[in-house]
Amino acid sequence: LVGAGGIAHAHMPGLLRLGPVVVYAQDGAEDLAAAFGPAAAAAGSSITVVDTLDDLFDAVDVVDVVTPTFAHAEVVRAALAAGKDVVSEKPLARTDADATDLVSRAREAGRQLYPAHVVRFFPAYVRLHEAVTTGLLGDLAVLRFVRSGAFPIRTAWFADRALSGGIVMDQMIHDLDIARWVAGPVTTVSAVGVRAGTEAEPVEAAHVLLTHESGAISHVAGIWGPQHLAFSTEYSVTGTRGSLAHRSLDEQDYVADLAVPDAADGFLPEVDPADDPYGLELAEFLGAFAGGAAPRVTAADGAEAVRIANAALESMDTGQPVHLATGARA
C-alpha cells in the first residue's frame, strides 16, 4: 500500500483479508499501521511499514497506489518498472497524457493495471448494470446521477483544481464512469461549475451533461457542501421498457457500532462491513493478478474516465461543449 491518507483507511480492511500488507508513505504510515493493528491481528495478517518505495517494491508482489491524485502517475510508473501488477486509486492520472501513458506502459511491461473505480462494486450500481445488460430497461434514454458530500478540507490539495481536478475529477468521475459503463461511449461533454463560500468553509458544485453515441443523455451533478452535509448518492435511469432509481439515504439497511478506525473521516459513503465494496474490488483485482477472470474495470476504462472528466473541466473553462472521438468502448 503506497499512501496513508483517507482512502487508505477504506482499502486497508480488504487488503488485510487478502494477506500481509506492507505500507510506504511520506507521512502517516505508522499511524495507519497502529490504527489497523487490531484488525490485522483479527484477520491473522500483519502490517509492516518500510522507509522507501524501493523497500516496498522489494517486499511485495502487488502495489496498491492510494497517494494524492497528482502523484498517481509517478508511483504507478515506478511500480510497473519494478515489474509489479498495480491497483491505482481513481483517477488513474490527473492528465489524459499520463493516463494514456500508464495504459501503454502496463501493456508493454506485460503487467496488469486496474483503476479503483469502486462504485462499479456498490450493490445499487451492480443492480443498474445488470438491469441494462439484461435488457430489463430496454434502450436507455435519460440517465441522472447525483453525488453529494462535505467539501474535503482535511488536506489543501483537494481545493487546488490543478492538482485534484476539483469535484469533477475527484468525486464526479465515479458517476461519469458509471454513465459510460451502462450507456456506452460518450461523444459530447458540456459542463458548468461554481466555487463559493470561504477558504475555511468552501462549497463547490458542478453539472455535467453527456451525450452518448447511442443517443442517450446523462446528467451528472456533484456537490461538495458544508461540513455537516452527509455523503449521499442518487440515480434515476429510464429506458424504453422502464426505469430504475436509487437513493442512498433511503436504502441503508444496517446499523453499525463497531470498534474500527474511521473510514476516511466521513468523506466516503458508509458501507456494510459484511459487504465491503472496497474489499470486493481488491479481491477481484488480486484474483485477476493470480490468473483468474478479468475484472469488471480495465486500465482503458480508467483512462477514458479521465478523458471525460478533463473534457468536462475544459467545457467549464470555455463555456463550450467538447466533442470526443469514440475509439474507446465500454
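Determine the distance separating the Cα centre of segment 137-185 from the Cα centre of segment 52-80; give it in Å without decimals. Cα centres, segment 137-185 to segment 52-80: 25 Å. Backbone amide hydrogens, once placed in the peptide plane, bring K84 within less than 5 Å of nothing, excluding anything fewer than 5 places away on its chain.
Computed 3J(HN,Hα) for segment 116-130, one whole-Hz value per residue from the Karplus formula 6.51 cos²θ - 1.76 cosθ + 1.60 where θ = phi - 60°, is 7, 7, 5, 5, 5, 9, 6, x, 5, 7, 4, 4, 5, 4, 5, glycine and proline marked x. Relative to the longest principal axis of the Cα atoms of the chain, the long axis of helix 6-18 makes an angle of roughly 60 degrees. Converting phi to 3J(HN,Hα) with the Karplus coefficients 6.51, -1.76 and 1.60 and the offset θ = phi - 60°, segment 175-181 yields 6, 4, 5, 5, 4, 5, 4 Hz in sequence order, with x at every glycine or proline. For segment 29-147, the solvent-accessible area with a 1.4 angstrom probe is 42 square angstrom per residue.
Ratio of Rg to Rh for segment 189-228: 1.17 [Cα atoms; Kirkwood radius as inverse mean 1/r over pairs].
Amide H contacts of L324 (H built 1.01 Å from N, in plane; Pro and chain starts excluded): T188, V189 sit under 5 Å, all sequence-distant by 5 or more or on other chains. The shape of segment 27-114 can be summarised by an equivalent ellipsoid whose semi-axes, obtained from the alpha carbon gyration tensor, come to 26, 14, 11 Å from longest to shortest. Protection proxy ranking, highest mean first, for peptides 46-53, 77-84: 77-84, 46-53, where packing is the per-residue count of other beta-carbon atoms within 10 Å, averaged.
If I compute solvent accessible area with a 1.4 Å probe over the protein chains, what percent of it on segment 126-203 is carbon and sulfur?
Numbers: 1830 of 3090 Å².
Taking all protein chains in place, segment 126-203 shows 59 percent carbon and sulfur surface.
Listed values for segment 237-244 are Karplus-derived 3J(HN,Hα) couplings in whole Hz (6.51 cos²θ - 1.76 cosθ + 1.60, θ = phi - 60°), namely 10, 10, x, 6, 10, x, 9, 9, and x replaces Gly and Pro.
Note down the relative contact order for segment 145-251 as a percent, whole number, built from C-alpha pairs under 8 angstrom at least six residues apart. Answer for segment 145-251 is 33 percent.
How would S88, S248 line up by accessible area, probe 1.4 Å, largest first?
Working: S88 0, S248 35 Å².
These residues rank, largest area first, as S248, S88.
For V60, what is the net charge nearby, where nearby means another residue's Cβ is under 11 Å from its Cβ and Lys, Arg count +1, Asp, Glu -1?
On the way: positive: K84; negative: D55, D58, D61, D64, D85.
Here the charged neighbours net out to -4.
State whether segment 122-248 is rounded, prolate or oblate according to the following rule on the C-alpha gyration tensor (a ≥ b ≥ c being the square roots of its eigenvalues): a/c under 1.5 gives rounded; otherwise a/b larger than b/c gives prolate, and the remaining case gives oblate.
On the way: a/c = 2.68, a/b = 1.92, b/c = 1.40.
Judged from the Cα gyration tensor, segment 122-248 comes out prolate (a/c at least 1.5, a/b above b/c).
Across the chain, Cα pairs under 8 Å and at least six residues apart give a relative contact order of 22 percent.
Once Rg and the Kirkwood radius are both taken over the C-alpha atoms of segment 53-173, their ratio Rg/Rh works out to 1.04. Averaging 1/r across all pairs of distinct Cα atoms in the chain and inverting the result yields a Kirkwood radius of 20.2 Å.
Taking the DSSP bridge list for the chain and keeping only pairs wholly inside it, about 60 percent are antiparallel.
The values are calculated or read from the model by the stated rules, or taken from the named source; none is laboratory data. Worth saying up front: this structure is predicted, and the values here are computed from it rather than measured. Every residue, glycine among them, receives a Cβ derived from its backbone with ideal geometry; neighbour counts consider all protein chains shown. SASA here: full protein model, heavy atoms, side chains in, ligands and nucleic acids out. Shrake-Rupley method; radii C 1.70, N 1.55, O 1.52, S 1.80 Å.
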